[in-house]
1. When the range 390-415 is examined, which residues are found to be buried (at least 23 other Cβ atoms within 10 Å of the Cβ) and in a strand (DSSP E or B)?
2. Only one of D289, D308 is farther than 21 Å from D384 by Cβ, surrounded by 17 or more Cβ atoms within 10 Å (Cβ to Cβ) and of a type in the set (D, E). Can you tell me which?
3. Before we move on, is K254 modelled with pLDDT of 95 or more, over 22 Å from C401 (Cα atoms) and buried (at least 24 other Cβ atoms within 10 Å of the Cβ)?
4. Taking into account only those residues within the range 604-632 that are part of a loop (DSSP other than H, G, I, E, B) and at pLDDT below 50, which is farthest from the chain's Cα centre (by Cα)?
5. Can you list the strands (runs of 3 or more DSSP E) lying wholly within the range 336-386 that have 3 or more residues being in contact (Cβ under 8 Å) with a residue 40 or more places away in the chain and farther than 15 Å from P278 by Cβ?
6. Going through the range 298-330 one residue at a time, which ones are part of a loop (DSSP other than H, G, I, E, B), under 18 Å from R239 (Cβ atoms) and β-branched (V, I, T)?
7. Tell me, please, whether a residue that is under 19 Å from T247 (Cα atoms), hydrophobic (A, V, I, L, M, F, W, C) and in the same structural domain as Y556 (by TED's automatic domain parsing) can be found in the range 121-136.
8. When you scan the range 332-342, do you find a residue that is more than 21 Å from W284 (Cβ to Cβ) and among the aliphatic types (A, V, I, L, M), even just one?
Amino acid sequence: MKTLMAWLVGTALCSFASASLAVAIIETESATNESHQEVTSGATLFQNNCLHCHNGSVPKAPHAISFNMMSTASIVTALSEGVMRQQAAHLSPQERVQIAQYLSETVDSVAHEVKACGNEITPVLANKNPQWNGWGGGIKNQRFQDTEAAGISPNTLDQLALKWAFAYPGATRARSQPLVHGNTVFVGSQQGTVYALDLNSGCAHWQYEAGAEVRNGLTVADMGHPSDTVLFFGDFKARVHAVSARTGLPVWNKSVSTHTDATITGSVKYYEGRLYVPISSSEWATAADPGYPCCTFRGSVAALDADDGTLLWNSFVIQTTPHETGEINPAGAKRMAPAGAPVWNSPTIDAQRGLLYVGTGEGYTSPAVKTSDAVVAMRLSDGDIVWSQQLMAGDAWNMACFIGGGGNCPEENGPDLDIGAATILWQGPTGDLLLVGQKSGDVYALDPNAAGKITWHKKLGRGGYAGGVHWGMTANADTLFVPIADTYFPGLPNDPGFPGLHALDPLTGSVLWYTPALDECPENKKPACDPGLSAAATSSNDLIFAGGFDGLLRVYDAASGEVRWKYNSLAEFETVSGELGRGGSIESDGPVVANGHLLVNSGYQFGSRMPGNVLLVFGLSPAEVTEGLVSE
């Protein structure tokens with residue numbers, strides 16, 4: 001019954017009138033149900049408070065059809081502590097529970113301990129550097145792995161098979177990029193648990209509870225003291241954690257919050273005893289509340305001493321403190337400014353010039369500041385901004401532009417085309433270039449020796465809320481590879497889109513080849529299923545690894561763009577963690593290749609994408625292959 005209701009509300013009933021019909025159906029068919037009053041109340045609360053955002057009309061809001069995979073506890077958490085806490089602030093705790101019980105089909109359960117490794121299997125870390133470290137595989141964020149270190153070549157692709165799958169308990173998205181170090185995989189989860197898993201079998205060496213979602217890639221460093229090898233990562237509540245890689249015991253944790261809505265989306269970067277932490281926020285969502293004084297968050301980068309977490313500096317990309325403008329929005333709330341320009345990508349380290357580079361997002365208030373949608377160069381020593389290069393002016397946007405009566409929507413009203421992908425520092429025959437991709441579908445090369453002067457610019461896609469270039473490009477020695485999403489959202493200009501993988505000459509921006517992302521989505525999964533490539537891509541000398549919104553993991557030939565290998569993760573899996581795992585959209589973090597293995601997360605409930613909760617680990621050994629069954 002509840003499956004039918006979720007489907008009706010999520011697909012056929014996309015207006016208030018239709019939602020009223022859904023409530024009538026529920027009231028009629030549940031008259032003999034003991035929880036009749038609670039179900040009816042939950043449906044009505046959802047209709048009046050939630051449906052207008054979750055009926056497919058708001059690009060960044062999950063579609064109602066995907067909520068049945070969430071547990072009641074996770075929905076309550078989202079309404080009470082997550083990105084929707086401001087929108088649900090007027091609801092009582094009981095009303096939030098009633099909404100969650102109406103939406104969810106998943107029985108709440110305490111996350112059980114994942115199968116532990118026996119004494120004969122112990123964490124063995126690499127003698128030198130880990131095979132894949134941090135978001136970009138190194139400080140330059142190239143997302144490149146040499147074929148020898150990758151252990152996968154064009155000649156061995158046909159031996160690649162799924163070795164094991166791991167289900168994140170209670171999760172509807174999987175977006176913490178795995179880190180491979182020796183025989184161990186380190187990865188975070190939506191529930192806030194960080195796992196150390198054996199690369200060969202998937203058993204757990206240890207688990208660490210961060211207390212909030214860990215949605216970025218982990219970084220590791222040999223600290224040369226009793227804590228030895230240490231993992232570093234951020235959580236949703238803007239705390240940085242340092243944890244022993246061998247034992248999972250905490251070393252220290254530190255809040256870098258500069259605002260009640262501050263969060264850490266991008267991966268921290270370790271370099272020479274310091275951690276560089278990008279700070280973003282969820283104030284873009286909070287602003288949808290017409291009674292909220294919008295807006296006061298400013299994106300920044302914080303530098304911490306990696307030994308103990310001491311804050312060394314915190315550099316705001318907007319250097320003017322937000323203040324009252326003297327204006328009042330239609331709901332009577334004060335207008336504040338300037339605000340926005342979140343930093344939600346991993347910093348790129350330029351050791352030669354003593355700088356780090358980050359891309360920034362849109363402004364939250366009008367007029368959009370000059371450091372929004374820009375590349376900002378900061379000095380490693382003190383965080384001072386050395387230069388910034390704005391790639392799109394006049395981009396101010398927040399969620400009020402979609403909902404809440406628009407009272408806090410900036411005059412410019414978007415189009416919300418952040419630089420969300422990490423910049424790539426690429427060394428060419430004539431010097432360094434900084435390669436930048438934007439959600440607008442534009443790609444740039446900047447000159448780090450000339451204050452970020454644009455050396456070339458190429459338009460590859462129409463862009464939009466989900467990209468364009470969304471989470472990350474990759475570059476090998478002679479080519480830049482650009483995944484393009486180009487999702488169409490109703491109500492927006494429907495210019496031609498070019499989703500797929502593009503190969504560019506880094507020196508000139510000339511297109512070398514383009515492989516379109518073909519529509520292979522099952523009809524019953526649309527519109528959540530989409531062929532676009534939004535997740536970050538990864539390259540080796542000869543191959544490119546990329547995942548799509550449609551759940552397809554593809555391996556491309558680097559020279560020609562030919563798809564050499566493909567796997568459909570839109571499936572159900574028996575997992576080493578003992579729970580049924582489900583694949584969905586591949587989004588955010590991209591594939592990791594190391595030591596003869598290919599690792600990828602599948603499932604992403606956000607912005608109308610397909611939920612899921614699995615980490616898939618492929619290897620070249622044909623033994624003990626776990627089969628996945630494609631869902632109908």
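The values are calculated or read from the model by the stated rules, or taken from the named source; none is laboratory data. This structure is a prediction, so every number in the text was calculated from the model and none was measured. So basically every Cβ, Gly included, is an ideal-geometry build from the backbone, and we count neighbours across all protein chains shown.
1. A396
2. Numbers: D308 fails: surrounded by 17 or more Cβ atoms within 10 Å (Cβ to Cβ).
Sole residue among the options that is farther than 21 Å from D384 by Cβ, surrounded by 17 or more Cβ atoms within 10 Å (Cβ to Cβ) and of a type in the set (D, E): D289.
3. Working: modelled with pLDDT of 95 or more: yes; over 22 Å from C401 (Cα atoms): yes; buried (at least 24 other Cβ atoms within 10 Å of the Cβ): no.
No, not satisfied.
4. Start the filter on the range 604-632 by keeping residues that are part of a loop (DSSP other than H, G, I, E, B), which leaves 605-613, 620-627, 631-632.
Applying the additional criterion that residues be at pLDDT below 50 yields 623-627, 631-632.
On the way: A623: 32, E624: 31, V625: 28, T626: 27, E627: 27, S631: 24, E632: 27 Å.
Out of the qualifying residues, it is A623.
5. Values: elements: 348-350, 355-359, 374-379.
Those strands (runs of 3 or more DSSP E) do not exist here; none qualify.
6. Of the range 298-330, the ones part of a loop (DSSP other than H, G, I, E, B) are 299, 306-310, 317-322, 329-330.
Checking the rest, the ones that are also under 18 Å from R239 (Cβ atoms) come to 299, 306-310.
Residue satisfying the conditions is T310 alone.
7. Within the range 121-136, not a single residue is under 19 Å from T247 (Cα atoms), hydrophobic (A, V, I, L, M, F, W, C) and in the same structural domain as Y556 (by TED's automatic domain parsing).
8. No - not one qualifying residue is present in the range 332-342.
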